[in-house]
Amino acid sequence: MRTYSPKKGDFEEKWYLVDAKDQILGRLATRIASILRGKTLPTFAPHVSPRTHVIVVNAKKIKLTGRKMTRKVYYRHTGYPGGIRSTTPEKLLEKNPAEIIRHAVWGMIPKNRLGNATMTRLRIYAGPDHPHKAQMPEPLKLETRKGREE
């Protein structure tokens, strides 16, 4: 018996809608990363990118546990000498709330061409509205901290 290896055309396109309101950042990011990679599908293969898309709404209402909102630091470099820049999640939420979720999910995706292609299928919006209603995204139920689904 030969081993089955899925091809790119074996996957049908699927859209998911995630509401980030009152969700913990890390738990939300792990769930999104596993869906984008296709790990929830029975035909998962690490070398194939399934056609799953994830839409995240209400990114500005994300939660971080403990004192991470003020003490955690995100670093980036401009590419110039002395160009290190830093910011906290508190400031980043005011400026660009989608970047916090994008950064968390990117940390859980492989850093190669397949990972870059995977991140293009993630769409994050600060508010409750999104322009992808025509794709009829399926609402994704996520467990809250107390084990209840929302």
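The values are calculated or read from the model by the stated rules, or taken from the named source; none is laboratory data. No experiment lies behind these values; they were computed from the predicted model shown. Reconstructed Cβ throughout: ideal geometry from the backbone, glycine too, with neighbour counts over all protein chains shown.
Of all residues in region 57-90, how many are out of contact with any helix residue (DSSP H, G or I) (no Cβ under 7 Å at 6 or more places or on another chain), assigned to a helix (DSSP H, G or I) and over 19 Å from GLY127 (Cβ atoms)? Of the residues in region 57-90, 1 are out of contact with any helix residue (DSSP H, G or I) (no Cβ under 7 Å at 6 or more places or on another chain), assigned to a helix (DSSP H, G or I) and over 19 Å from GLY127 (Cβ atoms). Restricting region 135-150 to residues that are surrounded by 12 or more Cβ atoms within 10 Å (Cβ to Cβ) and over 19 Å from TRP15 (Cβ atoms), which is modelled with the lowest pLDDT? The selected residue is THR144. From the list VAL105, VAL48, VAL54, the one residue that fits, being in contact (Cβ under 8 Å) with a residue 12 or more places away in the chain, touching a strand residue (DSSP E or B) at 6+ places or on another chain (Cβ under 8 Å), among the β-branched types (Val, Ile, Thr) and outside any helix (DSSP H, G or I), is VAL54. Would it be correct to say that ASN96 is of a type outside the set (Ser, Thr, Tyr), out of contact with any His (no Cβ under 6 Å at 6 or more places or on another chain) and more than 24 Å from ASP22 (Cβ to Cβ)? Against the criterion (of a type outside the set (Ser, Thr, Tyr), out of contact with any His (no Cβ under 6 Å at 6 or more places or on another chain) and more than 24 Å from ASP22 (Cβ to Cβ)), ASN96 does not qualify. May I ask you to list the residues in region 113-136 that are touching a strand residue (DSSP E or B) at 6+ places or on another chain (Cβ under 8 Å) and either in a helix (DSSP H, G or I) or more than 27 Å from GLU94 (Cα to Cα) (or both)? GLN135, MET136 - these are the residues of region 113-136 that are touching a strand residue (DSSP E or B) at 6+ places or on another chain (Cβ under 8 Å) and either in a helix (DSSP H, G or I) or more than 27 Å from GLU94 (Cα to Cα) (or both).
Is it the case that some residue within region 9-28 is assigned to a loop (DSSP other than H, G, I, E, B), more than 17 Å from ALA104 (Cβ to Cβ) and touching a Leu at 6+ places or on another chain (Cβ under 6 Å)? No: region 9-28 contains no residue that is assigned to a loop (DSSP other than H, G, I, E, B), more than 17 Å from ALA104 (Cβ to Cβ) and touching a Leu at 6+ places or on another chain (Cβ under 6 Å).
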